[in-house]
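Colleague: Can you keep this structure in mind? I'll have questions shortly.
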Amino acid sequence: MQRTRYPREQMHRIKYTKLTEAQIGAKLAATSGPTSASPLSDVLVGKSLTIKTDDGPTLVYRFSSNNRLAVAENGGKTVAAGYGALTLDHMAMFSHLLPGTQRGYQVVIDQATNLATVFEVWFGGYDDKREVQRQIYYGYVEQPGKEPPKDRHGITNRIEGKGFYWKQDNGVETIEYYPTVLYSNFVELTRLGGELSFCAPTDYVKIDDELYIYSRVECEFSGTMTLYVLNANRAEQVGVRLGFDESDALEYYVFRGQGEWVGQIAQFEPFGDVGTKITMGTRQLPQAKGGRLVYRPFKTNPSVPKADLDAAIAKTKSIFPERNAMAGNKGPISTFLAGKKLTLRYDNGPVVQYEFDDVAKLRWRREGETAWRDEQYESWESAPGVIMFGHLLSGAPDHDAYSVVMDFDHALVTTLHGTMGTPYMANEAAVKTLFGVIEMDGLVPPKYRRHQFTDELVGRCVSWNYSPGLTSMHLYATPHSLSWIIFLENGSGGLEWSGPASYVKIRDELYFAYWLEEACNGTLGTILINLRTMRNAGVDYHADANGLRLTSIGAHARQAGRFNVAKYFDIST
Amino acid sequence: MNKTVDSARRRFIWNAGAALSAPLAVVASSASASTTSDESSLNTRLAMLEDANAIREVARAYVKHVNAGAHAEVASLCTDPAAARLDGIRALTADPHGHDDAIDIAADRRTATARISHAAETERPIEPPCPLVEMARAQGGGVTRKTERGVLEGSFVKIDGVWKIERAAFRTD
């Protein structure tokens, strides 16, 4: 019996319905308030509260039971609504919608300080109307006869770099990484089988050194909001989930969860910067209500019809161009292969013969063919006797490319065979991993030994400086996906996105990895990661309406830490 | 012929102080020693110094607004904002260790040029673009930044008694 539930399509492949406002309104009208697997808290029952916010609404509440409240906004008419509340330590979190509207509030009250943070939430604020929008207001619960508190909750980087495993009271299990101040990663262990990590714009609000508010919206996917208060010491959470799932059913529930702290990775802000401001160079946060920075790869990377793509590639191929921001720190071109002749014999795959004329030109043919094909290539010797090179396969039907790592000490080869086009998009690369041996004068390859897939990188973070001003960080988030994270001006993590990935161990501290920027720009990135020299060498393979690009990668690395997550993937390293 | 007001900060202040005291001296001694040509010379000198001061103030305001990204305010100081745009400059800081500043005012006091030492925080887009660069640009990055010393050069024109910037450029040393 299958133990892990895998979806028919992963989130980035689901064609979420573009719900209309009328459809959303009808679904919201059918709910009386959030459900909960745990008993709702009665902490607010019988109380009347006035919450005043800075530059935001004044909300007057009266709680008649543990699931019914009355609220008046800004002195307006009082309306009754269903709600759900849960508490964590001295924090009370409650959620409600405003009947007859597509709006509501998620409210977090610190009962010890009377500070309050209010998330106004609404549907219909973006092209994709199912995407939950939010505006955060900081304020306090009015105490008659007392001066308003001067402090406020506020944004922070004090939680940046943490990671947690969470299990909600409804059985939902996730791993959530907080590698940036703008985004987070979430791995849906129970909903989606935990194969891939996904990224979503996220707010991080500090209550105190151990209590924080986390709030993400799954933009570009279902548009669902997940908001919770968490205690970092005890790994406990109370929260709310609001949105529409892949079947367009309303998910609106409050939850209690427990988890485990899985680690803390490095932060790269200057010392003393605690993240009370987000710096974005010349960009500014959108000023509209709810404005935030959102990476929208579906929107910015349009699908190109196959015929158009083929025509563009026929017209323009850029093979290892000189100017390349991704290779400003690449190592020297290797001379190792120049003049050599060898055969790469893959298990259950092709047999390819090579003659390397010089450091930039090679000829190849499949075993049995008579004609050679000329290609341009680049190669790098990442470790003694380990050569990586890449080239196109001229004439191949899918604009194929090879990214090859050969270990001459062991006469082993691993190749990532890229092809352009998937069932989803013509301008999206696919990849197969080929294991095999090197046949060459002076080498006797092993019969059984091969390079192997590895999980040794899972949970690790490594920053990559490609050239001045261009640095990202890889988070090897799951055994089958990685995230790339771009740093903000002050070194905070900023935007990020994820894609399928895999890792092959070549030698100790030497890994051959790929990632696919699926449902994004379609790039296949292949890198040989050397964690002794802290440098990579690699090949990017990309096609779009401007043609095909096969380009080198070369970056300097820094260790950025590790999350201890192997056990959640049923793996151990 | 243009007259140069040497306005390296210390010397400019010293000269301005001398100039401001001169008319008082003139006024005090006018009954016995003044001549029409002396008065004219002093008035011209004073006017030149006032122009230099005004130009320096315009330049200072221009730098302040450039640093703040206040495009409308920058435009209000210029006859043609496009000709005064400093592409690739993120911020300017007066450079006390740079070259001597110079403001040259035409004899008719209708146009002028200025060269004022600054350190510039330059910003250049990373080229050519690639997916990672484009992602970085989405959050205000995708650029290389460095500090370069040089001279803010400007040409000025007086319109209705107000000095405006006709053209501005930053030249690195």
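The values are calculated or read from the model by the stated rules, or taken from the named source; none is laboratory data. Computed from a predicted structure; not experimentally measured. Cβ coordinates were reconstructed from backbone atoms using ideal geometry, including for glycine residues, and neighbour counts include every protein chain displayed. Note: areas computed on protein heavy atoms with side chains; ligands, DNA, RNA excluded. Shrake-Rupley method; radii C 1.70, N 1.55, O 1.52, S 1.80 Å.
Colleague: Report in % the part of the accessible area of chain A that belongs to carbon and sulfur, leaving out ligands and nucleic acids; probe 1.4 Å. Could the numbers behind the result be given before it?
Modeller: Details: 11110 of 22790 Å².
In chain A, the share of accessible area belonging to carbon and sulfur is 49 percent.
Colleague: As a test, work out the antiparallel percent of DSSP beta bridges whose residues both lie in the stretch A:180-254, rounded to the nearest 5.
Modeller: 100
Colleague: Using a cut-off of 11 Å between beta-carbons, work out the net charge of the residues near A:SER184 (Lys and Arg +1, Asp and Glu -1, A:SER184 not included). Write down the numbers at each step before the final one.
Modeller: Details: positive: A:LYS162, A:ARG216; negative: A:GLU160, A:GLU176, A:ASP203, A:GLU218, A:GLU496.
Surrounding charge for A:SER184 is -3.
Colleague: Which trypsin sites (Lys or Arg not before Pro) in the stretch A:48-114 pass both tests, a DSSP loop state and at most 13 other beta-carbon atoms within 10 Å?
Modeller: Taking the stretch A:48-114 and a limit of 13 other Cβ atoms within 10 Å, the loop trypsin sites (Lys or Arg not before Pro) found are A:LYS77.
Colleague: Sorted from largest to smallest, which semi-axis lengths in Å does the alpha carbon gyration tensor of the stretch A:425-573 give for its equivalent ellipsoid, taking the root of 5 times each eigenvalue? Display every interim value, and only then the final one.
Modeller: Numbers: eigenvalues 129, 85, 53 Å².
Largest first, the stretch A:425-573 gives 25, 21, 16 Å.
Colleague: Here's something else I'd like to know. Output the relative contact order of the stretch A:178-307, whole-number percent, from Cα pairs under 8 angstrom with separation of 6+ residues.
Modeller: Relative contact order, the stretch A:178-307: 14 percent.
Colleague: Follow-up. Top to bottom by accessible area (1.4 Å), largest first, where do A:THR174, B:THR113 land?
Modeller: Sorted by accessible area, descending: B:THR113, A:THR174.
Colleague: By how many degrees, 0 to 90 and rounded to 10, does the Cα axis of helix A:306-315 deviate from the longest principal axis of chain A?
Modeller: With both axes taken from Cα atoms, the answer is about 50 degrees.
Colleague: What average number of partner chain Cβ atoms lie no more than 10 Å from the Cβ of the residues making up A:477-486? Walk me through the numbers before you get to the answer.
Modeller: Numbers: counts 0, 0, 0, 0, 0, 0, 0, 3, 1, 9.
For this peptide, the per-residue mean of nearby foreign Cβ atoms is 1.
Colleague: Just the accessible area per residue of the stretch A:432-558, please: how many Å² with a 1.4 Å probe?
Modeller: Averaged over the residues of the stretch A:432-558, the accessible area is 30 Å².
Colleague: Over the Cα atoms, compute the radius of gyration (one decimal) and Dmax (the largest Cα-Cα distance, rounded to a whole number) for chain A, in Å.
Modeller: So, for chain A, Rg and Dmax equal 26.6, 94 Å respectively.
Colleague: Let me ask you something else. Please tell me the relative contact order of chain A in percent, rounded to the nearest whole number, where contacts are Cα pairs under 8 Å and at least six residues apart.
Modeller: 12
Colleague: A follow-up question, please. Over the stretch A:228-302, calculate the relative contact order: mean separation of alpha carbon pairs under 8 Å at least 6 apart, over the residue count, as a percent.
Modeller: Result for the stretch A:228-302 is 18 percent.
Colleague: How long are the semi-axes of the equivalent ellipsoid of the stretch A:151-190, taking √(5λ) for every eigenvalue λ of the Cα gyration tensor, in whole Å from largest down?
Modeller: 23, 13, 7
Colleague: Are there GluC sites (Glu not before Pro) in the stretch A:336-418 that DSSP marks as loop and that have at most 15 other Cβ atoms within 10 Å, and which are they?
Modeller: Numbers: sites: A:GLU355, A:GLU367, A:GLU369, A:GLU375, A:GLU378, A:GLU381; in loops: A:GLU367, A:GLU369.
Listed in order of number, the matching sites are A:GLU367, A:GLU369.
Colleague: Would you mind getting me the FRET efficiency between A:LYS340 and A:SER318? Use the beta-carbon distance for r and R0 = 30 Å, nearest 0.05.
Modeller: Result of the calculation: an efficiency of 0.70.
Colleague: Which value, in Å² and to the nearest 10, is the accessible area of A:ARG558 when all protein chains are kept and the probe is 1.4 Å?
Modeller: Surface accessible to solvent at A:ARG558 totals approximately 150 Å².
Colleague: As an exercise, use a Förster radius of 41 Å and the Cβ-Cβ distance of A:ARG365 and A:ARG296 to find the FRET efficiency, rounded to the nearest 0.05.
Modeller: Here the calculated transfer efficiency is 0.40.
Colleague: Which residues' amide hydrogens lie under 5 Å from the amide hydrogen of A:ILE207, considering only partners 5 or more residues apart or on another chain, with H built in the peptide plane?
Modeller: Answer set, sorted by chain and number: A:TYR212, A:ILE213.
Colleague: Mind checking A:466-472 for the average number of partner chain beta-carbons within 10 Å of each residue's beta-carbon?
Modeller: 6
Colleague: Counting helices only, and only those DSSP H runs with n ≥ 4, report the 222 nm mean residue ellipticity of the protein assembly as shown as the sum of -39,500 (n - 2.57) divided by its residues, in deg cm²/dmol to the nearest 500.
Modeller: Computed mean residue ellipticity for the protein assembly as shown: -4000 deg cm²/dmol.
Colleague: Given a Förster distance of 35 angstrom, what is the FRET efficiency for A:ARG152 paired with A:SER247, based on the Cβ-Cβ distance and rounded to 0.05?
Modeller: Efficiency for this residue pair is about 0.35.
Colleague: When you look at the Cβ of every residue in B:139-151, what mean number of other chain Cβ atoms sits within 10 Å?
Modeller: Working: counts 16, 10, 13, 5, 6, 6, 4, 2, 0, 0, 0, 0, 0.
The per-residue average across the peptide is 5.
Colleague: Longer than 25 Å from Cα to Cα, which of A:LYS277/B:LYS146; A:LYS306/A:LYS341; A:LYS206/A:LYS289 are they? Say none if no pair is.
Modeller: A:LYS306/A:LYS341
Colleague: By how many nm would the segment from A:LYS18 to A:ASP358 grow when fully extended, if each residue of separation counts as 0.36 nm and the alpha-carbon distance is taken off? Spell out each step's value before the answer.
Modeller: Working: separation 340, 0.36 × 340 = 122.40 nm, distance 5.46 nm.
Here the segment from A:LYS18 to A:ASP358 would lengthen by 116.9 nm.
Colleague: Report Rg(Cα)/(2.2 N^0.38 Å) for the stretch A:111-239, keeping two decimals.
Modeller: 1.13
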